[in-house]
Amino acid sequence: MGKLDGRVIVITGAARGQGEQEARLFAAEGARVVLGDVLEEEGAALAAELGPERARFVRLDVAVEEDWAALVAAAAEAFGKIDGLVNNAGILRFNALVDTPLAEFRQVLDVNQTGCFLGIRAVAPEIAAAGGGTIVNTASYAGLTGMAFVGAYAATKHAVVGLTRVAALELASQGIRVNAVCPGAVDTPMTNPAALNPSADPAASAEAARAVDELYRKLVPLGRIGRPEEVARLALFLTGEDSSYVTGQPFVIDGGWLAGVSPF
Ligand SMILES: NC(=O)c1ccc[n+]([C@@H]2O[C@H](COP(=O)([O-])OP(=O)(O)OC[C@H]3O[C@@H](n4cnc5c(N)ncnc54)[C@H](O)[C@@H]3O)[C@@H](O)[C@H]2O)c1
């Protein structure tokens, strides 16, 4: 028996990183997964690997309203219902606030914040029609405390925590629980741009990777960066019945990092 037997779960940003690990874990736990991403080749390859009984890839830009309508229709056609959503897609841009171009600020808001809102708005009625279920939003450590040079990103992740609380209140009566994961630093292409640029000088990449390891060894009480599989296990807990009395909460998964700077 899997923890998600019979469930149909939509996962955004599922082509790589945390979303990919969530797709793999959820499918292994018996779910059928609908994978949405702008990375068509990688998303389609993952769906093919998981198999047509288990997975479908749908091209989805989370910031585009029409894409959500198309995803909901494709999910209904493939699997007949939707009873869970993981809003995972996100982008990160580094810039001082005073140097951030308006277009960049708006782009981060469009994907991280509006994308999460559009996902809830498009999918919650489907989940309600299926008799209830779950939504897991992906916020961040930067959604709970300040972090210099990621102003747009931190603003959106605070907003995702707020959306999570409001959605939990509004959707509880329809049997929908809504929670958020708040990862610290996790080893994915988002935090490791060198992995996306294999043509970079290997010696420079190795040196950068050593510097990053050293940074996290000092910053994080558990002494290392997180793994995307670890975030996927938290998302599984919040999607499955083990969290049946849990809603409206942000869950920090950061190796203890925030404990040292807690604003609460
Ligand atoms: N990696 C970290 O340290 C970290 C920490 C805290 C929170 N997060 C959050 O976790 C989530 C997953 O990040 P990740 O680390 O796996 O990064 P990643 O860059 O490896 O993966 C993000 C995925 O989202 C997809 N995506 C981007 N824009 C999209 C759009 N407009 N529509 C649909 N898909 C889109 C990308 O194509 C990619 O597949 C993000 O919301 C991110 O902000 C990551």
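Can you say whether Tyr153 is of a type in the set (Ser, Thr, Tyr), touching an Asp or Glu at 6+ places or on another chain (Cβ under 6 Å) and under 22 Å from Gln18 (Cα atoms), as far as the supplied structure shows?
In short, no.
Report yes if some residue within region 137-155 is more than 13 Å from the ligand (Cβ to nearest atom), within 19 Å of Ala232 (Cβ to Cβ) and in a strand (DSSP E or B); otherwise report no. Talk me through it step by step, then tell me what you get.
Step one: list which residues in region 137-155 are more than 13 Å from the ligand (Cβ to nearest atom), which gives 146, 148-149, 151.
This time we only want the ones that are within 19 Å of Ala232 (Cβ to Cβ), so: none.
Within region 137-155, none of the residues are more than 13 Å from the ligand (Cβ to nearest atom), within 19 Å of Ala232 (Cβ to Cβ) and in a strand (DSSP E or B).
Sort through Ala124, Ala172, Ala200, Ala128 and tell me the only one that's more than 12 Å from the ligand (Cβ to nearest atom), surrounded by 15 or more Cβ atoms within 10 Å (Cβ to Cβ) and more than 17 Å from the chain's Cα centre (by Cα).
It is Ala128.
Output the number of residues of region 66-103 satisfying the condition of being more than 14 Å from the ligand (Cβ to nearest atom) and assigned to a helix (DSSP H, G or I).
Matching residues across region 66-103 total 14.
For region 208-224, which residues satisfy the criterion of being surrounded by 12 or more Cβ atoms within 10 Å (Cβ to Cβ) and either aliphatic (A, V, I, L, M) or without any contact (Cβ under 8 Å) to a residue 24 or more places away in the chain (or both)?
Residues satisfying the conditions are Ala208, Ala209, Val212, Asp213, Leu215, Arg217, Leu219, Val220, Leu222.
When you scan region 51-65, do you find a residue that is in contact (Cβ under 8 Å) with a residue 12 or more places away in the chain and in a helix (DSSP H, G or I), even just one?
Yes, region 51-65 has at least one match.
Among all residue pairs at least 6 apart or on different chains, which show Cβ distances below 6 Å where the first residue, located in region 108-134, is under 13 Å from Asn87 (Cα atoms) and part of a strand (DSSP E or B) and the second is near the ligand (Cβ under 10 Å from one of its atoms) and modelled with pLDDT of 95 or more?
Listed by first residue and then by second, the contacts come to nothing, as the list is empty.
Being of a type in the set (D, E, K, R) and within 18 Å of the chain's Cα centre (by Cα) is the filter; apply it to region 57-103 and report the residue that is nearest to Gly132 (Cα to Cα). Talk me through it step by step, then tell me what you get.
First pass over region 57-103, keeping only residues of a type in the set (D, E, K, R): 59, 61, 65-67, 77, 81, 83, 93, 99.
Filter again for within 18 Å of the chain's Cα centre (by Cα), leaving 59, 61, 67, 83, 93.
Values: Arg59: 25, Asp61: 25, Asp67: 23, Asp83: 7, Arg93: 35 Å.
The extreme case among them is Asp83.
Step by step: first the residues of region 104-121, then only those that are within 12 Å of the ligand (Cβ to nearest atom) and over 13 Å from the mean Cα position of the chain (by Cα), then the one that is surrounded by the fewest Cβ atoms within 10 Å (Cβ to Cβ). Which residue is that?
Quick first cut of region 104-121, residues within 12 Å of the ligand (Cβ to nearest atom) only: 107-116, 118-119.
Then drop every residue that is not over 13 Å from the mean Cα position of the chain (by Cα), which leaves 107-110, 114, 118.
Details: Gln107: 15, Val108: 23, Leu109: 17, Asp110: 17, Thr114: 17, Leu118: 22.
Selected residue: Gln107.
Consider region 1-49. How many of its residues are small (Gly, Ala, Ser) and assigned to a strand (DSSP E or B)?
Number of matching residues: 1.
Just a yes or no: is a residue in region 179-190 part of a helix (DSSP H, G or I), among the acidic types (Asp, Glu) and surrounded by fewer than 22 Cβ atoms within 10 Å (Cβ to Cβ)?
In the first step, residues of region 179-190 are kept if they are part of a helix (DSSP H, G or I); the result is none.
No; the residues of region 179-190 include none that is part of a helix (DSSP H, G or I), among the acidic types (Asp, Glu) and surrounded by fewer than 22 Cβ atoms within 10 Å (Cβ to Cβ).
Looking at region 207-254 only, could you name the residues that are within 11 Å of the ligand (Cβ to nearest atom) and in a loop (DSSP other than H, G, I, E, B)?
Ile225, Arg227, Asp254
Within region 143-161, count every residue that is more than 16 Å from the chain's Cα centre (by Cα) and hydroxyl-bearing (Ser, Thr, Tyr).
Count: 1.
The values are calculated or read from the model by the stated rules, or taken from the named source; none is laboratory data. Predicted, not measured: the structure shown is a model, and the values here were computed from it. Note that we place each Cβ from the backbone using ideal geometry, even for glycine, and neighbour counts take in every protein chain shown.
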